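Student: Quick one: this structure, given as structure tokens, is what I'll be asking you about.
The values are calculated or read from the model by the stated rules, or taken from the named source; none is laboratory data. Small disclaimer: the values here were computed from a predicted structure and weren't measured. Positions of Cβ are backbone-derived with ideal geometry, glycine not excepted, and every protein chain shown enters the neighbour counts. To get the accessible areas, we keep the full protein, side chains included, count just its heavy atoms, and leave off ligands, DNA and RNA. Shrake-Rupley method; radii C 1.70, N 1.55, O 1.52, S 1.80 Å.
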Amino acid sequence: MSSPDGRLAAVRRLEETAPGSRALQRLTELTARLLGVPSAQVVLIGEAQVIVGGAGLAPGSLGARSPVEDSLCTATVAGSPGALVVADAAADPRVRGLPPVTSGAIGSYLGMPLTGSDGHVVGALCVFGPEPRAWADGDVVLLRQLADSVATELELSALAREFEAHRLRFELAIDAAEIGSFDWDLTSGRLIWDDRLVQLFGYDRETFAESIEAFHARLHPDDLPRVEEALRTAIATCGGYDAEYRVVLPTGETRWIRGRGRAVGDDRGVAVRLLGAGYDTTQQRDTDARVARVLETMNAAFFSLDGQWRFSYVNAEAERVLGRSREELLGGSVWELFPAAVGSDFETHYRGAVASAEERVFEAYYPPPLDAWYEVRAWPGPDGLSVYFLDITERRTAEERARRSAARLALVAEVSALLTRLLGDGQDEGAALQHLAEVVVPVLGDWAIVSLLEEEGRIRDVGSWHRDPALRETTARYANQRLAAVDTDAPVFVALASGQLMVVPDVARAVRGGMAPDVGQIFDTLAPESAVTLPLTARGRTLGALSIYRSAERGTPDAEDVAAAREVAERAALALDNARLFEQQRRLAEGLQRSMLTAPPEPDHAEIVVRYQPAVEVAEVGGDWYDAFLQPTGAAVLVIGDVVGHDTEAAAAMGQLRGLLRGIAYRDIGPAEVLTELDRAIEGLQMRALATAAIARVEQTPEERAAGLTRLRWSNAGHPPPLLLHPDGRIELLSGERPELMLGVDPAAKRTESVVTFRRGATVLLYTDGLVEGRDLLLDDGIARLRAAVAELADQPLAALSDGLIQRLRPDGLQDDVALVAIRLHRQDRPRPEEAGPHRIPPGMPPE
């Protein structure tokens, strides 16, 4: 067990270097992302808790100090070496009384102790969230792996600081002339040392004999042969001398000395003197040894390269990860020993770090035999490049698995929304299913074909897509021919007949044998290895099939791929079936609605046009209606109405009200009296219906007719006001002094009439609120838009005017039903129009 003092000293050492480390911050954020938690942090536990890395924490948390007794991380350190797993913090007796738990900030917690290279537990890597969570065994394993990386990074940060400090001290020692010099006269044999060198070798002036033998006497026996050889070589070549060796002092202490010098020759080139200097490298050696011990014990791989890109140091973990021994690596070129690194991200970043003198952090893949992903940190130094790296293959695999899972989930959601929107907008089924083929590639496979089962039982391929743009046309040609080219036991036919999903591990074996040569060539070009074929089934009906193919590189789909494909097929089938049912209901509703509305009359003096358009978003019968008829006196009556509701009850009420109104109005009474009588009938017959309605009657005396004038008498029960377009282009909104109650509210309500006189050639327009009001349009704004549209279309024939109003005011489709009835009084010199427009119905009423 580590001592408390030793542990606190280790924590203080790390506190000086860890806060603000980019690598620690990146590891913390990665931890939060991989474990899917809102918050993660790295803390050091000493005399206080210090947060040195965090993700999802409050601003100002990094570097903050807090009491250790309030921390769950303290409990993690106390429970070392195992993880502290807390699924429900509020119910866990170990932590439920701690402030972060009682405040509700932490509902679940998973912490892993951080152990330094000297065995001291210095802190914890922990993740947490406000809600309880059941932690899986895989979560604990993943956190332990990440904690190892964090502990290594903490140690590396501290070592880098210590190493730089020692180097600075060493350079200061040189600057302070802490170097001894020597002069060896090779002719006389006299060896002269200065006081510093005499002291370094444990001599004084009285005991130093000024001979090479005195030098040899202090050398460590193991180093003597090597040093003698270095001296002989320098003397023989008149070259340089460089040796580092141990000196054994009289006290038994060992000291490391670095000696450098050069032989000086005479006129003949024979060495006569050897001049040089020596200095104490014991402290540097101790530092290097300590660094080496740490590097050897940490679980991260480390190596260093010299200026020639040769391995100068390799720790034990690097040997294991690289699959080569130290003897194979040391002195060897990294580019020769690992040729796949040439031209890769490794070379780019290694050379970039040296050229820029800046650290590089990156992730890269090395192919077999290593076949692994690595997280690499490379930083340059005066002696070359130092490289720390971790095998992150498992982490990358987990990230890729998470990415694929997220892509599959997004695909499932996209399919539902896409097909519902496309089919809801009235797009052809084949075109919509072409989009289905496009969205499933490449998430679920390399290429896909979608088949549609038509009502008569014939199947046809309606959509195809390939991830490679160059092969999309080839895929389309195969889709055009495959159904006729494969046998009846092909997977697509079996899936359609059985309604069961089929996973085909060998597509060629399943379908290639009976193909015609030309189709077989197309198949071979596409080269599918495996496939999954799914029936598009909804509400017990099979509507088609989805075939998803994979190349040999993708492999056979796994269980998650198959599950996602099944979900996609089910949602696509449901969207397709819903669209078909919706269209059937919409056609039925529109047919029923139109059957309740009759053709307008065609008097000689006027043209009457009616329009009815059902809403595009519903498939129900509505309560909008129009009517136009002649009273016994020949007066033309126009009616527009809207029963509250949008269902069969509203439609039934609409039919009843329309019939009642016709019967009441045929008595040749005015609009206000018609509405009054209709209100009483609603009450007396207990119809329980609410409706708006507007009635307009075109009246004319012989004198008015001779003068080219016409009167319009109208009454309005809560309906949008009619609109009058005068021959001179003026537009008048026919609204009373105040709005009147809708029908069915108060049978005693007083109904009023208004009269307006206009010249022949004028147009009167009655409409329901679906034309001028909706979720995206206020009534007043809609009426203003209607007036503007009428002004622009005023010179159009009445049928074109009516159609143009609907198209302009509702270009994106109707949110509600629209009924419209319009009358235009002919000018005296204008013949009776024969053009009835696209919705015109042959005349069925007598002229005036």
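Student: Any residue at all in segment 333-349 that's free of Cβ contacts under 8 Å to residues at least 24 places away in the same chain and crowded, with 19+ Cβ neighbours inside 10 Å?
Tutor: no
Student: Can you say whether residue 37 is hydrophobic (A, V, I, L, M, F, W, C) and assigned to a loop (DSSP other than H, G, I, E, B), as far as the supplied structure shows?
Tutor: Criteria met by residue 37.
Student: Follow-up. Which members of segment 8-18 meet the condition of being at pLDDT 70 or above and in contact with a Gly (Cβ under 8 Å, 6 or more places away or on another chain)?
Tutor: Once the filter is applied, which keeps residues that are at pLDDT 70 or above and in contact with a Gly (Cβ under 8 Å, 6 or more places away or on another chain), segment 8-18 yields 8, 10, 11, 12, 14, 15.
Student: Here's something else I'd like to know. Checking residue 22 against (1) surrounded by fewer than 18 Cβ atoms within 10 Å (Cβ to Cβ); (2) farther than 24 Å from residue 130 by Cα; (3) of a type outside the set (Gly, Ala, Ser); (4) touching a Ser or Thr at 6+ places or on another chain (Cβ under 9 Å), only one condition comes out false. Which one?
Tutor: (4)
Student: Suppose we keep only residues that are buried (at least 24 other Cβ atoms within 10 Å of the Cβ) and among the aliphatic types (A, V, I, L, M) within segment 672-697. Which one would you say is farthest from the chain's Cα centre (by Cα)?
Tutor: That would be 674.
Student: Looking at segment 106-141, which of its residues are assigned to a loop (DSSP other than H, G, I, E, B), without any contact (Cβ under 8 Å) to a residue 40 or more places away in the chain, exposed (fewer than 15 other Cβ atoms within 10 Å of the Cβ) and small (Gly, Ala, Ser)?
Tutor: Correct list: 136 only.
Student: On the basis of being farther than 24 Å from residue 770 by Cα and either without any contact (Cβ under 8 Å) to a residue 40 or more places away in the chain or in a strand (DSSP E or B) (or both), does residue 729 make the cut?
Tutor: no
Student: While we're looking at this one, here's another question. With the condition being among the aliphatic types (A, V, I, L, M), I'd like the helices (runs of 4 or more DSSP H) fully within segment 326-385 carrying at least 3 qualifying residues.
Tutor: It comes to 345-356.
Student: Within segment 298-325, restricting attention to residues that are open to solvent by 60 Å² or more (accessible area, probe 1.4 Å) and outside any loop (DSSP other than H, G, I, E, B), which residue is farthest from residue 365 (Cα to Cα)?
Tutor: Per the stated criteria, the residue is 312.
Student: So is residue 399 within 30 Å of residue 561 (Cα to Cα) and open to solvent by less than 60 Å² (accessible area, probe 1.4 Å) or not?
Tutor: So residue 399 fits the description; yes.
Student: Still on this structure, I have one more. Testing residue 231 on (1) open to solvent by less than 40 Å² (accessible area, probe 1.4 Å); (2) without any contact (Cβ under 8 Å) to a residue 40 or more places away in the chain; (3) assigned to a helix (DSSP H, G or I), one condition comes back false. Which one is that?
Tutor: Every condition holds for residue 231 apart from (2).
Student: For residue 34, all conditions in the list (1) under 23 Å from the mean Cα position of the chain (by Cα); (2) surrounded by fewer than 17 Cβ atoms within 10 Å (Cβ to Cβ); (3) within 26 Å of residue 389 (Cβ to Cβ) hold save one; what is the number of the exception?
Tutor: (2)
Student: What's the total number of residues in segment 362-393 that are in contact with a Phe, Trp or Tyr (Cβ under 9 Å, 6 or more places away or on another chain) and either of a type in the set (A, V, I, L, M, F, W, C) or open to solvent by 70 Å² or more (accessible area, probe 1.4 Å) (or both)?
Tutor: Number of matching residues: 16.
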